[in-house]
Amino acid sequence: MALALVLVVGTAGYLLLGFDFLDSVYQTITTVTTVGFTSPRALGVGSKTFTIVLILVGVGTALYTFSAVLEVLIEGHMRELVRRRKMERDIARMSGHVIVCGWGRVGREVARFLVSAGRQVVVIDRDASRLDAMPYASVHGDVTDDETLRQAGIERAATLVAALDTDADNLYVTVAAKSMRPDVQIIARARNESSEPKLLRAGADRVVNPQQLGGDRMASFVTQPLVVDFVDVVMHDGTLEFRLEELAVSAASSLSGSTLRSAQLRDRTGALVLAIRRPDGIFVTNPSPEDVIESGDVLISVGTAEQLAALAEFAARP
């Protein structure tokens, strides 16, 4: 506004001094911007005096305006560049993180729950406007591009969640991720039941149909509402101190080869083993005290955070 005012006053002043309109504008702009071209007409005493005043007032105003505009442009660009560089460094330092492909409704909920559980998350989406206000590390690009997956740290990630809008994109991401990291765990979203076996054949470890899960959950509220409420609180809500967790038993663990009775997990840690998943995928539910804990088993346990931490520490002992 200050610069516009200077230009208007300068043009009006030269008009009063006998310049025509184009010469007035020309003389004002060359004076304010210190370009220094030849004046379109000879300057008298009055014209020279007005030009001196215009230089003293207008040049400073023009320089301030140009520097302010340049600062806004550079600062905004540099801020975004610095933020992006910092995010790239943060992603490069991540290991065992989860890559969430797609920042839709499903992707948002997945990222929110993982972060609340203490996991590191990198989100990939092709829509830059979705990523502007995102509180998590993100990569802008086409998730079907191998380079985009590399930028998200696919070589170091533990899990990839394919939560894109179409089953075709989720299928392509599954194939691309498995070709780059055969050992990465992939959880894929399926909108249609017919896509589930295709995603499994492509390499997905788990396939989730949100519509089917939603229907099952609504039906469960009809038949067993209190059970569903309890499981939701234990698994997701966090208002109860009890948690459900899984613990893998390694070959070096002191639990390997012991029975539940001899291990005395309940007495030593306070955690309760609800089920045992054998290496072949079979679940032993409500295990008896004589069931043997084998190397490679996964113990599904319930307890407080302290009890589950004690169980994990006890199982890690050689």
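Out of the residues in region 110-128 that are open to solvent by 80 Å² or more (accessible area, probe 1.4 Å) and either within 27 Å of Ser179 (Cα to Cα) or of a type outside the set (D, E, K, R) (or both), which is modelled with the lowest pLDDT? Out of the qualifying residues, it is Ser116. Output the number of residues of region 66-95 satisfying the condition of being open to solvent by 70 Å² or more (accessible area, probe 1.4 Å) and closer than 21 Å to Val32 by Cβ. Going through region 66-95 one residue at a time, the tally reaches 6. For region 55-65, the criterion of being in contact with a strand residue (DSSP E or B) (Cβ under 8 Å, 6 or more places away or on another chain) and either surrounded by 13 or more Cβ atoms within 10 Å (Cβ to Cβ) or at pLDDT 85 or above (or both) is met by no residue. The set of residues in region 257-296 being over 21 Å from Pro318 (Cα atoms) and hydroxyl-bearing (Ser, Thr, Tyr) consists of Thr285, Ser288. Looking only at residues of region 136-179 that are assigned to a loop (DSSP other than H, G, I, E, B) and aliphatic (A, V, I, L, M), we find that the one that is most open to solvent (accessible area, probe 1.4 Å) is Ala158.
Checked against the criterion of being in a loop (DSSP other than H, G, I, E, B), open to solvent by less than 80 Å² (accessible area, probe 1.4 Å) and free of Cβ contacts under 8 Å to residues at least 24 places away in the same chain, the candidates Gly257, Gly281, Gly296 yield just one match: Gly281.
Under the condition of being touching a residue at least 60 places away in the same chain (Cβ under 8 Å) and among the aliphatic types (A, V, I, L, M), the residues counted in region 49-98 number 4.
The values are calculated or read from the model by the stated rules, or taken from the named source; none is laboratory data. All of these numbers come straight from a predicted model, not from anything done at the bench. Quick reminder, even Gly has a Cβ in these numbers, built from the backbone with ideal geometry, and neighbours come from all protein chains shown. Please note that ligands, DNA and RNA were not included when accessible areas were found on the heavy atoms of the full protein model with its side chains. Shrake-Rupley method; radii C 1.70, N 1.55, O 1.52, S 1.80 Å.
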